[in-house]
Amino acid sequence: MAVQHDAAAGPVRDFRGYGRHIPRVRWPGDASLVVNIVLNYETGAEYSLLDGDDRNDSWGEYSYQIGPHVRDLGTETHFEFGSRSGIWRLARLFDRYQAPITIGACARGLERNPEVADWITEAGHDVIGHGYRWAENSEMTREEEREDLHRGIGVITELTGERPLGWYCRSFPSIHTRELIREEGGFLYDSDASNDELPYFVGAPSSPFLVVPYSKVYNDVRYLLSPTYSTPHDFFEHLRLAVDYLCDEAAAGEGARMMTVGLHERWSGQASRASAIRDFLEYVQDRTDVRLMRRVDIAQWWLDHHREWGSPASATASSSASGPAQANGASG
């Protein structure tokens with residue numbers, strides 16, 4: 001994979017966004033807050049010497065990485081917990097609460113465990129494409145990235161019966177990512193940015209493209225990255241406080257918001273950590289001002305209704321067709 005050196009290429013950065021006066025958004029049911037849970041399914045698509053990569057992955061249970069001259073069996077098995085046990089514990093949980101969620105699926109992972117794709121279809125969850133491999137797009141050439149994109153779309157479509165309508169990368173999108181997504185022509189949105197609490201449009205006013213921001217903050221990655229959660233209750237409290245604050249803002253007339261919660265089967269699928277997700281589901285389902293929604297439904301609602309609340313066709317329009325910087329990439 002080639003490293004990109006043209007720092008001036010790619011999207012134009014936007015530091016203003018909606019500014020002081022955000023759109024007067026009306027969500028379904030007049031909810032103050034819509035919550036989208038994204039369950040990342042990455043196991044089997046991570047870096048692996050067995051798959052011909054030049055490195056071991058380091059996003060298992062420890063951030064420590066052993067050298068690429070030998071297989072890291074410890075990290076391999078941390079990932080395998082997610083596909084063998086963690087995904088099914090969380091699947092049972094979401095089924096029990098009838099919670100609509102989004103699966104951030106790496107296509108190679110679904111190939112290796114097609115039963116997960118069967119569950120996604122049976123449960124009615126939507127898929128946001130997360131790459132064919134769980135690899136850094138910023139290290140790919142343009143052609144490598146295009147191949148990964150098209151291969152991922154094809155596999156997800158074959159296994160779930162529906163093509164993904166959204167896309168996001170592992171951690172760091174390339175300067176070509178959004179251009180390739182738009183070039184492909186079948187996507188409603190991308191989620192590589194983490195720079196807002198509402199969807200927004202990028203590009204020229206004549207051809208706007210929707211961004212539905214992701215979150216690295218409301219994310220179980222903090223079980224791995226410092227400062228870490230001391231207990232799963234810390235994660236639940238982190239999420240609960242965000243819901244309370246966002247709903248209080250809405251009640252004060254400061255506008256409705258969107259909240260993305262990022263989960264991973266290998267982390268939140270552990271029994272103790274799943275308790276945080278259970279408690280969070282119970283909490284938001286008990287609130288009448290909060291609504292759980294699939295990501296594709298949020299995107300479609302925004303596309304269908306944004307003109308009704310005064311959101312311009314391109315809230316962050318610029319001369320660049322690519323919009324705000326993708327340096328704010330989504331953590332997988």
Computing the accessible area with a 1.4 Å probe over protein heavy atoms, can you report the carbon and sulfur percentage for the range 103-233? 49
Which cross-chain or sequence-distant (5 or more) residues have an amide H under 5 Å from the amide H of GLY10, H modelled 1.01 Å from N in plane? none
The range 103-134-the range 184-223 distance, computed between alpha-carbon centres (Å): 20
At 1.4 Å probe radius, can you tell me the per residue accessible area of the range 28-146 in Å²? 40
About the Cα centre of the range 34-166, what is the dipole size in debye to 20, counting +1 per Lys and Arg Cβ and -1 per Asp and Glu Cβ, all else neutral? 400
Show me the chymotrypsin sites (Phe, Trp or Tyr not before Pro) within the range 1-90 that DSSP assigns to loop and that have at most 11 other Cβ atoms within 10 Å of their Cβ. PHE15, TYR64
Just want the answer: with Cβ charges of +1 for Lys and Arg and -1 for Asp and Glu, which residue in ILE175, LEU159, VAL296 is farthest toward the dipole's positive end in the chain? VAL296
Charge dipole of the chain about the Cα centre (unit charges at C-beta), most positive-ward option of TYR47, PHE81, SER268: SER268
Using the crude model of +1 on Lys and Arg Cβ and -1 on Asp and Glu Cβ, and no other charge, please compute the dipole size for the chain relative to its Cα centre, in debye to 20. 560
Enumerate the calculated ³J(HN,Hα) couplings along the range 197-209 in order (Karplus 6.51 cos²θ - 1.76 cosθ + 1.60, θ = phi - 60°), each rounded to whole Hz, writing x wherever the residue is Gly or Pro. 10, 9, x, 7, 9, 10, x, 5, x, 6, 8, x, 10
Through the Karplus equation 6.51 cos²θ - 1.76 cosθ + 1.60, θ set to phi - 60°, convert the phi angles of the range 68-85 into ³J(HN,Hα) values in whole Hz; use x for Gly and Pro. x, 7, 8, 5, 9, 5, x, 5, 4, 6, 4, 5, 4, 4, x, 7, 8, 10
For the range 152-163, take each phi angle, set θ = phi - 60°, evaluate the Karplus expression 6.51 cos²θ - 1.76 cosθ + 1.60, and give the result in whole Hz per residue in order, putting x for glycine and proline. x, 4, x, 5, 4, 4, 5, 7, 10, x, 9, 6
Within the chain, what percent of beta bridges assigned by DSSP are antiparallel, to the nearest 5? 10
Relative contact order [Cα under 8 Å, 6+ residues apart], the range 1-110, whole percent: 31
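The values are calculated or read from the model by the stated rules, or taken from the named source; none is laboratory data. As the structure is a computational prediction, the values presented were derived from the model and not from experiment. Positions of Cβ are backbone-derived with ideal geometry, glycine not excepted, and every protein chain shown enters the neighbour counts. The area values use the complete protein model at the heavy-atom level, side chains included, leaving out ligands, DNA and RNA. Shrake-Rupley method; radii C 1.70, N 1.55, O 1.52, S 1.80 Å.
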